[in-house]
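Any read-out appearing in this document is the output of simple, stated calculations on the displayed coordinates, not a laboratory observation. Only a predicted model underlies this, so the values are computations on that prediction, with no experimental measurement involved. Here the Cβ is made from the backbone with ideal geometry for all residues, glycine too, and neighbour counts use every protein chain on show.
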Amino acid sequence: ISASGGSLSGTTLATLALVLGAFWSSFGITQSYSRTQSIQKEAEQFAVQWMELVKTGDVYTAFQLSRKYKGRLRQDQFMDFEPSNPNWRGLDVIQGLNEVDFLTRHQPEIRRTEKTFFKSISHRGVDEIQLGYQLTTDNKTIETTIVVERQIDETGNPQWRFAKFTK
C-alpha cells in the first residue's frame, strides 16, 4: 500500500475472484444435490412399479427386471419360459422372498417411509438406492427396504434393476 501511494489497486480484482469462487462452489453443491434428488425420484417410481408387477402376478417381468442389464433376456427367449430350465433358478429366489409372497397373496397398500440411502458405486458405474416401504393390509404391516440399482447403458440411458429386499 505504501509503494502505491495508498491506493488499493487490486481490491476489485480480489473481490471479483472471491465472488466467482463462492458462486462456482455453490454451483457444484447444488448440482450434486439436484442429481441425487432426481435419481431418488426415479428410483421410487421404479421400486413402486416393480412391486406393482409382483402384486398383479407378473412375476416373470419382475424377475427380468431383477437381472443385470446385460443379462436380460430377449423377448423371444422370455416368452419360451420353461420352469424346468436350469437357467430360470433365479425366479425361485424372487418367488421365495417373504415380501414377494406378501405382495402376491395379500395385495397390500404400498407406502413410502422416510428411510432412504443413496450410494454411488463409481468404480462399477452403478448407483445403489435403498428405499424404505411399508406394505400394509387390514391385519398386518411389513416394514422393508427395497434396494434398486441404476446403471447408464451404452446409449446413455439409465437402466434400473431390483436388487433385493433388506430389513
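Results, tabulated for the structure shown:
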quantity	calculated
Listed peptides 126-135, 17-26 by packing density, highest first (mean Cβ within 10 Å)	126-135, 17-26
Per-peptide average of other Cβ atoms within 10 Å, ordering 29-41, 138-150, 54-66 highest first	54-66, 138-150, 29-41
Between region 100-167 and region 18-50, the Cα center-to-center distance that results, in Å	19
Mean Cβ count within 10 Å, highest first, over the residues of peptides 106-115, 157-166	157-166, 106-115
Cα-projected label distance for Thr116 with Arg67, points at 7 Å along beta-carbon direction, nm	3.1
Calculated FRET value between Thr136 and Arg35, using beta carbons and R₀ = 35 Å, to 0.05	0.65
